[in-house]
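Visitor: So that we are looking at the same thing, I have put the structure below in structure tokens.
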Amino acid sequence: MYRGRIAPTPTGLLHLGHARTFALAAQQARAANGTLILRIEDLDAARCQPHFTTNAIEDLKWLGINWQEGPDIGGPHAPYLQSQRLPWFNEAWKKLHASGQIYPCDKSRQDVERALVAPHAEDDAEPIFPPSLRPALSTGRNATAPGKTNWRFRVPDGETISFIDQIEGPQSFTAGKDFGDLLIWRKDGMPSYEMAVVADDHAMGITHVVRGADLLKSTARQILLYRAFKWEIPQWSHAPLVNDASGQRLSKRAAGLSIQELRHKGLTPAEILTAPIDTLISK
Ligand code: GLU
């Protein structure tokens, strides 16, 4: 049975790129006679705001994107706001801890930068965590809760993680080269994005993940977490990012095309979801 999800982060208004990816997720779920879940990824308390959740729900409804389980209608996997799911994330931390593949990490971003031989590529916001900064293997083994510290997942250096994306085709990323030990828990008491998304996709029985192609590398990281948890891996579809005619990513434009803005300009849901991007920008 197909179970998909749309998972906005309420740090801003939904834009055209989100809308098209979410519409694709809804279309696939409908075609498979499956269930679509709306999950709000509001773990970053400093950047997320409740009114963006309300806006997202309004925009999605106006666009005709329908879900069958979510914060506004409930369902067997409630709550659907990640900020309310901390008991589950703590349980998931325990499972991951039992795998022996995570360790507490007190290194700051500056420590990481200092230990790097070469500066990291500019387009990759997260520098690769150098193995020289890993603590001894047994560090943190006796912990029973994450506490007030960062925790990282030790990646298998040199191992290539491959998967077939339903849209983008075969993908391969090498642990230790394309990404390093990933943060799975933050010292503010919250799980990292990678940890929360895997824990929730599993808990909610997600069989198909449809999301933006900016998360392809994250998928390789998440596959490592699935393996450590010994959970079944879903199917992946990464939708191409929406660019304007000059190739600039829409989410990066100063005047990001928010759904609200386009709606106020008089565009219809069908135009927003299907018209060539440049005709929308010039309106
Ligand atoms: N919440 C993430 C975002 O808005 C998407 C996470 C996912 O689909 O895995 O970028």
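Visitor: Considering lysine pairs in the stretch 102-234 that are 8 or more places apart or on different chains, how many have Cα atoms under 16 Å apart?
Guide: Here the count comes out as 4.
Visitor: Averaged over all directions, how much area does the convex hull of the C-alpha atoms of the stretch 13-90 cover when projected, in nm²?
Guide: 5.7
Visitor: Cross-link candidates for Lys265: which lysines have Cα within less than 27 Å, leaving aside residues fewer than 8 places away along the same chain?
Guide: Within the straight-line cut-off, Lys265 pairs with Lys61, Lys252, Lys283.
Visitor: Take the alpha carbon gyration tensor of the stretch 55-122, find the square roots of its eigenvalues, order them as a ≥ b ≥ c, and report rounded if a/c is under 1.5; if not, report prolate when a/b exceeds b/c, else oblate.
Guide: Oblate is the answer for the stretch 55-122, as a/c is 1.5 or above yet b/c matches or exceeds a/b.
Visitor: Here is a follow-up. How much length is gained on full extension from Gln68 to Leu116, taking 0.36 nm per residue of separation minus their Cα-Cα distance?
Guide: 12.6 nm
Visitor: Here's a follow-up. May I ask you to compute the full-extension gain from Leu216 to Ala45, defined as 0.36 nm times their residue separation minus their alpha-carbon distance, rounded to one decimal in nm?
Guide: The span from Leu216 to Ala45 would gain 59.0 nm if fully extended.
Visitor: Based on alpha-carbon centroids, what's the gap between the stretch 134-199 and the stretch 1-66 in Å, whole number please?
Guide: 25
Visitor: Where is the GNM fluctuation largest for the chain (alpha-carbon springs, 10 angstrom cutoff): Pro170, Pro130, Pro269?
Guide: Checking each option, the largest mean-square fluctuation is seen for Pro170.
Visitor: Tilt of helix 16-31 relative to the longest C-alpha principal axis of the chain, in degrees (0 to 90, nearest 10)?
Guide: Computed tilt is about 90 degrees.
Visitor: Now a separate question. Let me know the Rg and Dmax you get for the stretch 182-283 when you use only its Cα atoms, in Å.
Guide: Using the Cα atoms of the stretch 182-283, the pair Rg, Dmax is 17.6, 50 Å.
Visitor: Express in % the proportion of alpha carbon pairs of the stretch 53-195 at distances exceeding 25 Å.
Guide: That fraction is 46 percent.
Visitor: 5 Å is the cut-off here: which amide hydrogens, built 1.01 Å from N in the peptide plane, fall below it relative to Asp181, excluding neighbours closer than 5 in sequence?
Guide: The list, which skips near neighbours in sequence, is Phe129, Val155.
Visitor: OK, next. Per residue, what volume in Å³ does the Cα convex hull of the stretch 172-212 take up?
Guide: In the stretch 172-212, the Cα convex hull volume per residue is 105 Å³.
Visitor: Treat every Asp and Glu Cβ in the stretch 13-61 as -1 and every Lys and Arg Cβ as +1, leave all other atoms uncharged, and give the resulting dipole magnitude about the Cα centre to the nearest 20 debye. Mind dumping the intermediate values first?
Guide: Working: 5 positive and 5 negative charges, 43 e Å.
About 200 debye.
Visitor: Now for a different question. Report the calculated FRET efficiency for Ala136 and Leu86 (r = Cβ-Cβ distance, R0 = 35 Å), to the nearest 0.05. Provide the component values of the computation, followed by the final result.
Guide: Working: r = 29 Å, r/R0 = 0.84.
The formula returns an efficiency of 0.75 here.
Visitor: Could I ask something else about it? Using 1/(1 + (r/R0)^6) with R0 = 22 angstrom and r between the beta carbons of Lys187 and Trp231, what's the FRET efficiency to the nearest 0.05?
Guide: On the way: r = 26 Å, r/R0 = 1.17.
With a Förster radius of 22 Å, E is 0.30.
Visitor: Using only Cα atoms, tell me the angle between helix 50-63 and the longest principal axis of the chain; keep it within 0 to 90° and round to the nearest 10.
Guide: The angle comes out near 50 degrees.
Visitor: Counting Lys +1, Arg +1, Asp -1, Glu -1, what net charge surrounds Tyr226 among other residues with beta carbon under 14 Å of its beta carbon?
Guide: With Lys, Arg at +1 and Asp, Glu at -1, the net is 0.
Visitor: As a test of understanding, state the convex hull volume per residue of the chain from its alpha carbons, in Å³.
Guide: 140
Visitor: For the stretch 115-235, what does the alpha-carbon gyration tensor say about shape, rounded, prolate or oblate, given a ≥ b ≥ c as the root eigenvalues, a/c under 1.5 as rounded, and a/b over b/c as prolate?
Guide: Note, shape of the stretch 115-235 comes out oblate.
Visitor: Picking from Leu24, Leu43, Ile65, whose Cα lies most toward the positive end of the charge dipole for the stretch 1-114 (charges on Cβ: Lys, Arg +1; Asp, Glu -1)?
Guide: Leu24
Visitor: So what's the back-of-envelope 222 nm ellipticity for the chain, counting only DSSP H runs of four-plus at -39500 (n - 2.57) apiece and dividing by all residues, rounded to 500? Each step should come with its number before you reach the end.
Guide: On the way: 9 runs with 92 residues, N = 283.
That comes out to -9500 deg cm²/dmol.
Read-outs throughout are calculated quantities, based only on the coordinates presented, and are distinct from any laboratory measurement. In this text the structure is predicted, and so the values were computed from the model without any measurement. All Cβ positions, glycine included, derive from the backbone under ideal geometry; neighbour counts span all protein chains shown.
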